[in-house]
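What follows is a single structure, written as structure tokens, with notes after it.
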Amino acid sequence: AALAQGPGMRDVAHYPRQVADLMRLLRDELPEGHPLTGIRAQPRGESVPMPWLLGSSLDSANTAAEQGLPFSFAHFINDQWAGEAITLYRRLFRPSRWLDEPTVNVGVSAICAETDDEAERIAMSRWLWRLRNRQGLRIGVPPPDDPEAGRLSPPERDYIEYQKQSSVVGGPERLRDRLEALALELEVEEFVVVTITYSYEDRLRSYELLADEFGLSEANDDGKDGGDA
């Protein structure tokens with residue numbers, strides 16, 4: 001969409017306008033002559049999905065509030081601004097055709113394993129990956145037992161330690177405690193869980209353990225049997 005409106009529209013200052021244009025596009029309300037007029041998402045459904053704005057800054061919180069959109073704060077990108085951004089969003093929220101009241105969830109990086117130690121071992125893959133990306137090394141997610149983990153410089157170890165503090169990692173009980181504490185701190189009732197692991201099996205098991213700990217597996221089973229979930 002930004003390219004269709006010219007290279008200058010890629011500047012972040014135009015982001016609120018681009019969000020507004022996307023909302024009009026979803027409702028077929030773009031004016032004649034607009035660069036996006038006539039574009040159709042395919043396949044076309046009978047209704048429009050509820051749009052959520054994912055953001056990790058005060059600016060994105062402000063955009064979601066001004067346009068009356070639900071806001072998903074990316075704690076997995078920027079945990080330090082979570083509380084302030086969510087408070088700002090709730091304070092500045094304007095009702096819209098999408099929502100009458102502010103609606104928030106939080107995206108968290110979470111890895112669950114049978115034990116706290118095993119979860120931290122698995123999580124080292126993501127922490128090393130984030131470190132290398134920060135250093136400009138676009139590599140894939142390394143295995144958790146990558147020998148590089150034992151050859152980190154003091155500043156690199158400090159960054160890994162920061163990643164540990166900003167992630168939710170551990171066995172089922174620790175994860176439940178940390179998520180419930182974070183929910184109280186931010187006054188939210190819903191999380192979107194981001195789980196990045198080297199092994200697909202570890203990722204799947206993490207979701208299974210998390211679902212079991214919060215009773216979501218039983219709810220899903222009831223739904224399959226025709227009961228209320």
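The values are calculated or read from the model by the stated rules, or taken from the named source; none is laboratory data. None of the values given here were measured: they were computed from a predicted structure. Cβ coordinates were reconstructed from backbone atoms using ideal geometry, including for glycine residues, and neighbour counts include every protein chain displayed.
Here are some notes:
- Within the option set Arg176, Arg203, Arg151, Arg157, being out of contact with any helix residue (DSSP H, G or I) (no Cβ under 7 Å at 6 or more places or on another chain) and modelled with pLDDT of 95 or more holds for one residue only, Arg203.
- Residue satisfying condition, being small (Gly, Ala, Ser) and either under 14 Å from Ala123 (Cα atoms) or touching a residue at least 24 places away in the same chain (Cβ under 8 Å) (or both), within set Gly171, Gly150, Gly136: Gly171
- Residue within the stretch 151-164 that is closer than 17 Å to Ser206 by Cβ and in a loop (DSSP other than H, G, I, E, B) present: no
- The sole residue among Gly68, Gly33, Gly83 that is in contact with a Phe, Trp or Tyr (Cβ under 8 Å, 6 or more places away or on another chain) and either without any contact (Cβ under 8 Å) to a residue 60 or more places away in the chain or on the phi < 0 side of the Ramachandran plot (or both) is Gly68.
- Within the stretch 54-66, the set of residues being in contact with a strand residue (DSSP E or B) (Cβ under 8 Å, 6 or more places away or on another chain) and either modelled with pLDDT under 95 or not in a helix (DSSP H, G or I) (or both) comprises Leu54, Gly55, Ser56.
- Residue check for Asp28: of a type in the set (Asp, Glu), out of contact with any Lys or Arg (no Cβ under 8 Å at 6 or more places or on another chain) and assigned to a helix (DSSP H, G or I): no
- The set of residues in the stretch 126-150 that are part of a helix (DSSP H, G or I) and closer than 20 Å to Glu114 by Cα comprises Arg126, Trp127.
- Qualifying residue in the stretch 114-122 (condition: at pLDDT 95 or above, crowded, with 21+ Cβ neighbours inside 10 Å and out of contact with any Gly (no Cβ under 8 Å at 6 or more places or on another chain)): yes
- Criterion violated by Ala4 - all others in (1) modelled with pLDDT of 80 or more; (2) assigned to a helix (DSSP H, G or I); (3) of a type outside the set (Asp, Glu) satisfied: (1)
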